[in-house]
Structure formats: structure tokens, C-alpha cells
1. Among the residues of segment 38-61, which ones are closer than 17 Å to Arg10 by Cα, charged (D, E, K, R) and in a helix (DSSP H, G or I)?
2. Scan segment 121-153 for residues that are touching a residue at least 40 places away in the same chain (Cβ under 8 Å), hydrophobic (A, V, I, L, M, F, W, C) and open to solvent by 20 Å² or more (accessible area, probe 1.4 Å) and jot them down.
3. Within segment 79-94, is there a residue that is touching a helix residue (DSSP H, G or I) at 6+ places or on another chain (Cβ under 8 Å), over 23 Å from Leu160 (Cβ atoms) and open to solvent by 60 Å² or more (accessible area, probe 1.4 Å)?
4. Could you tell me whether segment 157-165 includes any residue that is crowded, with 16+ Cβ neighbours inside 10 Å, modelled with pLDDT of 75 or more and more than 15 Å from the chain's Cα centre (by Cα)?
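The values are calculated or read from the model by the stated rules, or taken from the named source; none is laboratory data. All values derive from a computational prediction rather than experimental measurement. Every residue, glycine among them, receives a Cβ derived from its backbone with ideal geometry; neighbour counts consider all protein chains shown. Heads up: the accessible areas ignore ligands, DNA and RNA and are worked out on the full protein's heavy atoms, side chains in. Shrake-Rupley method; radii C 1.70, N 1.55, O 1.52, S 1.80 Å.
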Amino acid sequence: MAGRRHDPERRQRIIDAAIRVVGRSGIAGLSHRSVAAEADVPLGSTTYHFRTLDELMVAALRQANEGFAKVIASRGGLEDPRTDLAAELAALMGEWLGGERTGVELEYELYLAALRRPALRPVAAEWCEDVAAPLSRRTDPVTARALVALMDGICLQVLLTDTPYDEAYAREVLGRLLPRNGRAGTGTRDAGGTGSRPVPPAG
């Protein structure tokens, strides 16, 4: 019993359990009791580490947000000024959505829970800022935020309509947000996203 009382990883186990509960039963199934049962800890342990359910959801959302950040870090393409930014972002989304779909859905479920739980909104905003920060170094802050909003919309459409992700479409529409003098590949685009048709000059 002494070994169970000395459990320095218990807080992390509770967060992991909360994420599993949401993944299995949705936000509606999340409670201190359900998480305690999932983590195999006394109910008092969950309320000791997280006084309110909102505190637990904040920790779960912050951990879930790491999914997309890990995909960005693993590719490293956003840091290279020679890369086609639209193509790199489209490929990032493809890799993320092409992974374990339950994890992606879970991340968005916690993210969208911020609509009704104000305590989650700063964490949701952190995710947007963390993604926009490296994009700002490649373009400008306003365009970076617009790119993040568009990526959010594309991902939500894929998840909500259960349609396959179209990387060529994503590359095309993301490229339309970038300044013409920015690096969006070769400076040419076509409707299929292949970049083979020159953009006609203004006027």
C-alpha cells in the first residue's frame, strides 16, 4: 500500500486517463469519478490534483495539443525558407489527419469544448499562437493567423463530413492566402494545385 501512496506519476496518469475517457465517451462522459476509475486511483486523488473538472480538462487539452506540434517538429519544413509554405502546410495536415484518427478527433473535441467552457479558451488560443508563430517568420502575423484559421476549417470539414483529405485542394487554397511575392512554390498555381499554370499579371 505504501508503494501506491508514493506515486509521483499519478497526476500524469490521471491526465492520460481523462484523455482516454474523452476518446471513448466524449466530453459528456468525463467526470472525476470516471477518470478515477479509468486511472485506477481513489476519487480523492483526482480532486487533489485537479480541484475542478475544468482544471482537468485544461491539462488534458494542453497535452492533446502536442499532437500537431509533434508533427510540425518532426518535419522541420517550416523553418526552411526554401520550402513551398503552402505545400508544406498541406503535407503537415495530411500527415496529422492520416495518423490515428481517434487522437485527432479527441484533440478537436477538447478544443471545441472551449465554446462552452471559458477556462479552456486560453489553452485553445495557445494552440493557435504556437502554430502561427513559425508561420509569422515565413510571412506576416495577419497572414499567419489566416493560415491557421483556414487549416482549422479544412481539418474540421474532413472530420465532420468523414471525407478523404484532399492535399492538392489544401495546397491550392492555402497558397491563395500567401502574398504573391512570398514563397508559395514557383509562383504559379492552377485549380488542381500543381502549379503549372502561370498567374496572369494584374491589369
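1. Hits for segment 38-61 are Glu38, Glu55.
2. Across segment 121-153, the qualifying residue is only Trp127.
3. Yes, segment 79-94 contains at least one residue that is touching a helix residue (DSSP H, G or I) at 6+ places or on another chain (Cβ under 8 Å), over 23 Å from Leu160 (Cβ atoms) and open to solvent by 60 Å² or more (accessible area, probe 1.4 Å).
4. yes
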